[in-house]
Structures are given as C-alpha cells and as structure tokens.
1. Using beta carbons and a limit of 6 Å, which pairs, at least six apart or on different chains, have the first residue in region 37-48 and within 15 Å of R71 (Cβ to Cβ) and of a type in the set (A, V, I, L, M, F, W, C) and the second one open to solvent by less than 30 Å² (accessible area, probe 1.4 Å) and assigned to a helix (DSSP H, G or I)?
2. May I ask you to list pairs of residues, at least six apart or on different chains, whose Cβ atoms are under 9 Å apart, with the first in region 1-16 being within 12 Å of E40 (Cβ to Cβ) and the second being part of a helix (DSSP H, G or I) and at pLDDT below 80?
3. Being at pLDDT below 90 and open to solvent by less than 50 Å² (accessible area, probe 1.4 Å) is the filter; apply it to region 23-45 and report the residue that is nearest to R79 (Cα to Cα).
4. Select the strands (runs of 3 or more DSSP E) contained entirely in region 47-133, then report the ones holding at least 1 residues which are at pLDDT 85 or above and over 26 Å from S31 (Cα atoms).
Amino acid sequence: MSTVGLPDIPYDVLVLLFTHLEGNRRALYASCLASRALREAAQECLYRHVQLDYYAKEYASYSALKTLQRRPHLRPYVRSIDLVLHAYATFGLRSHAVLSSLSGLQSFTLRFQNPRPQRTHIHFSSPPYSGKT
C-alpha cells in the first residue's frame, strides 16, 4: 500500500480543504508556515476575506495592506474587504493604491465606527459579470 505525500495532492483539493478553515485565521497562517506545498493553497484562503481596522493612531491591520503591497501575487485572491474606520482614523494614499489594484474584488464594505454605540456602514457588492447589458 502506498502513501500519499503533500506534493501528490492536487492544488484544487488543498484549496477545497482550506476553505473549511476560513473562519480560523490562525490555522490558515500556521498552514502557510508548515510547508511550501501548503503555503500557496492556504494563502489563497487566508487572503480571500480581509478585514482592515483603522484606529486614530494604531495601524493593527496595516500589515495586511503592506503584505499585499509587497507581494502582488496575493492580490488576485482577495474577494472581499471589510474596512472599518474608527473616529479620527486616517486612510492614506498608499492604502488606496493597493486597494485599487485588487482585480478579483467582488465586495467592499466600508464602516464608520464612532465612539458612540451607533454604527454606520456602506456596502458595495458587484455580482460576477454575466455579459448581459
């Protein structure tokens, strides 16, 4: 009886397996670090849905944009972005340049988080192009 190694598993099957981990970003990140054979498929799922939180002077999510800026091969994986701007947050031009280069983006949600309990948000979504006018 032969055993199947990671290089023998088709890429599409790996992506399908990793889609079940999309809610577990730590597991996807750990899979990226586990081996080169897993990295590409795990990154595709890891960057499919990106949430960016911008605070007044904290850039906790800025690292995701920096990664997309430094590694353009990851940009086509991004399908949706949830951008949260907190009170007094700034959103720089560098961020705009990266976001405008995401060719596979299908959904973009912009939320304004105020210090008050109320939330305001705007959601833009484009269905896949059907070819009909």
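The values are calculated or read from the model by the stated rules, or taken from the named source; none is laboratory data. These numbers come from a predicted model, not from an experiment. Cβ sites come from the backbone with ideal geometry, for glycine too, and all protein chains shown count toward neighbours. The area values use the complete protein model at the heavy-atom level, side chains included, leaving out ligands, DNA and RNA. Shrake-Rupley method; radii C 1.70, N 1.55, O 1.52, S 1.80 Å.
1. A42/F18; A42/L28; A42/S31; A42/C32; L46/L28
2. What qualifies is L14/L6.
3. A37
4. 107-113
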